[in-house]
2 protein chains.
Amino acid sequence: MKIMILGANGYLGWPTSVELSSKNHKLLLIDNFTKKNILKEYNRQPLLINKSMNSRIKLLENKNINFKNIDCSNYTGFSRAFKSFMPDAVIHYAELPSAPYSMFGHKEGWRTLENNLKSTFNLITCIKDFNPNCHMIKLGTMGEYGTPNIDIEEGWIDVAHNKRKQKFLYPRQASSLYHTSKIMDTDLLWFYVRLYNLRVTDLMQGPVYGIKSNNKISNENFFPEFSYDDLFGTVLNRFIVQAVAGIPLTVYGSGNQVRGYINLIDTVKCINIALKNPAKKGSLEIYNQFTEQFSVNELAAKVKKALKKVDIDVMIKKIRNPRIEAEKHYYNASNQKMKKLGLKPSLLTDEVIIDIAMFIKKHIKRINKKIIQPKSGW
Amino acid sequence: MKIMILGANGYLGWPTSVELSSKNHKLLLIDNFTKKNILKEYNRQPLLINKSMNSRIKLLENKNINFKNIDCSNYTGFSRAFKSFMPDAVIHYAELPSAPYSMFGHKEGWRTLENNLKSTFNLITCIKDFNPNCHMIKLGTMGEYGTPNIDIEEGWIDVAHNKRKQKFLYPRQASSLYHTSKIMDTDLLWFYVRLYNLRVTDLMQGPVYGIKSNNKISNENFFPEFSYDDLFGTVLNRFIVQAVAGIPLTVYGSGNQVRGYINLIDTVKCINIALKNPAKKGSLEIYNQFTEQFSVNELAAKVKKALKKVDIDVMIKKIRNPRIEAEKHYYNASNQKMKKLGLKPSLLTDEVIIDIAMFIKKHIKRINKKIIQPKSGW
């Protein structure tokens, strides 16, 4: 299959590229290092810094892989690449993925909205105009749903009202501009899919943890750049860095916020499942992509318990919540569709936590404790 | 009250400015003539071309009115004006209002999304940062709802699901990029209102017809520029121009598409009602702003019947629908909230249609028949 991967250098993009390279696809990887540049601009460094994309590609066995430095929010450059490659499928990660960054200030908020929406708009219009049969796989987020008082279904809900019925997109109400940009993506994609009979898979993913795309991989060139800072670090990865660095895990607020989490290994498995089960023409296929629900307190306790086994003594500290979010809420989200298609979840065991901690320990000298505390509040 | 009117030169903006000027408010009118420039760029002319904004303002009795040429999608200029004026209320019309323009091509689509979303983002962030008590009144559109198979409520719906309940924004699914940009506005505003306890009124308006903001006004300097072309003309205004020009009213497709319509006089009344009944802090108050539902066939028949009284013989011609839209659908939308607050609708009588036709007849030489047939299809 000819597959374009947008945002191929990212935390999900690079592991996905590595995994798909082993399946004999022809790949075109696209990135313009926006996130890397933002990290520099805001003086945050990832734990791991990768070699150049081209030198990493050479390490892969599959020689049918190319990389292009293209800004997906620039239509001219992007559409040229799309037309000359003519992908069968596009995996779209070319979005700014951070809630705290999007809430940093006016500039960062608009940059997130514009980058994410424009990349999505450019991609879906290229598909419509040049290759309507192309399957788009796109990362949404569980955060689009927010924390409603009813069960969260997988993307859609049947509403009965005054003795009539209608199936709607499940109503979305997020708690950051980043998450809101993803709601706008969903609105836009459903519009195009419906009107032009296109095929889009939207993966509503929970926060991801881990460093490997596959347990057999140990070459760090195949790991993604790993962020643990206040802007781009996700909660569990940040906790394990704090534990290894010997500083308290910082729980925001009461710690009763419940979310669905997923191992990076499963993210890549889900992408493969989505590739093998393309959305039908005219259908926006939505999956809730997480494997387990935890409160932040439970996550912290799990890290403490696991790392005790390797003699790391973990402290936990509650700090004032820098975010505006419900700290006590109902949360029950469905995640059956991926399992029905064969996903065998890699759960959050002590072993998984220890494995991540051992990777971090290897790079302990690179941990910068000053970039972990939240500096962006809303 | 100190009121900013964004998009003050527009079809709704200028009549609103004229009406509010008579209520002794202090007004700051803002426009950068984007729509006027687009009309030029695409070789469409409105029926009426107004004098400069400053010369028209001088004709108003109220001397507490200023005009500034500012692009609301430019944060620096817009925020400076906002901070120095510090409005009690802002009426936000600074959006590109055309479905066909938004569907013309990639450039026009993105321009609509960017202009509308960025103007709304700049305004709501100014309110949040500089004057959180300011009441924002914003034009949404009935088109955000699309044509669902259940009754359309006023902005919100209670959903019962698995024995639990949640009130949600009424799910939205539009049929043009323009209408989709308004859905994105709604998502964005609900996010800000909820998080920062702001006050926003969102008026989900149906297609508007007419030329006067008030039956007592006859000075054409107080009329808005009146578009009847394929890009910016609304259906009923276009029909009456076609009738006066002696060419057939062009009904798109079967003509069974039902929408809610409103007289420009009532638009202005609704803005006044919204000003007098500000949304509460933390509340996104949504009204469905139309007075009567008609199918396109009914509209055409009404024009034919009314204009027969003044010896204008009206032809009606069905043409291939240039839009992708449901031509047979359920449609039942609520519009009770404005009436409960005192709106006495100005209905679509023969007299109203004749009055608009007489205005058009006066300018019959300016009608360009070539700009009426749809050139943008989707």
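When the stretch A:188-221 is limited to residues that are aliphatic (A, V, I, L, M) and over 30 Å from residue B:112 (Cα atoms), the one that is nearest to the other protein chains (Cβ to nearest Cβ) turns out to be A:208. Here residue A:139 clears all of (1) in a loop (DSSP other than H, G, I, E, B); (2) more than 7 Å from chain B (Cβ to nearest Cβ); (3) hydrophobic (A, V, I, L, M, F, W, C) except the condition numbered (1).
Counting only residues that are surrounded by 19 or more Cβ atoms within 10 Å (Cβ to Cβ) and among the basic types (Lys, Arg), the stretch B:155-183 holds 2 of them. From the list A:127, A:150, A:183, A:157, the lone residue that is among the aliphatic types (A, V, I, L, M), more than 22 Å from the chain's Cα centre (by Cα), part of a helix (DSSP H, G or I) and at pLDDT 95 or above is A:127.
What residue, among those in the stretch A:293-350 that are among the small types (Gly, Ala, Ser) and more than 23 Å from the chain's Cα centre (by Cα), is surrounded by the fewest Cβ atoms within 10 Å (Cβ to Cβ)? The extreme case among them is A:301.
Scanning the stretch B:331-377 for residues that are assigned to a helix (DSSP H, G or I) and under 22 Å from residue B:276 (Cα atoms) yields B:336, B:337, B:338, B:339, B:340. Counting just the residues of the stretch B:160-174 that are at the interface with chain A (Cβ under 7 Å from one of its Cβ atoms) and under 19 Å from the mean Cα position of the chain (by Cα), which one comes out farthest from residue A:334 (Cα to Cα)? Only one residue fits best here, namely B:174.
Residues in the stretch B:71-96 that are among the aliphatic types (A, V, I, L, M) and surrounded by fewer than 20 Cβ atoms within 10 Å (Cβ to Cβ): B:81, B:86. Of all residues being modelled with pLDDT of 95 or more and among the β-branched types (Val, Ile, Thr) in the stretch B:206-233, which is nearest to residue B:317 (Cα to Cα)? Just the residue, please. Of everything passing the filter in the stretch B:206-233, B:208 is nearest to residue B:317 (Cα to Cα). Out of A:298, A:327, one residue alone is within 30 Å of residue A:183 (Cα to Cα), among the charged types (D, E, K, R) and in a helix (DSSP H, G or I). It is A:298.
Scanning the stretch B:155-196 for residues that are more than 13 Å from residue B:284 (Cα to Cα) and hydroxyl-bearing (Ser, Thr, Tyr) gives B:175, B:176, B:178, B:180, B:181. When the stretch A:189-219 is limited to residues that are assigned to a loop (DSSP other than H, G, I, E, B) and hydrophobic (A, V, I, L, M, F, W, C), the one that is farthest from residue A:20 (Cα to Cα) turns out to be A:198. Scanning the stretch B:232-264 for residues that are part of a loop (DSSP other than H, G, I, E, B) and touching a Leu at 6+ places or on another chain (Cβ under 8 Å) gives a single hit, B:232.
The values are calculated or read from the model by the stated rules, or taken from the named source; none is laboratory data. Keep in mind that what you see is a predicted model, and the values were worked out from it rather than measured. FYI the Cβ positions are ideal-geometry reconstructions off the backbone, even for glycines, and counts take in every protein chain you see.
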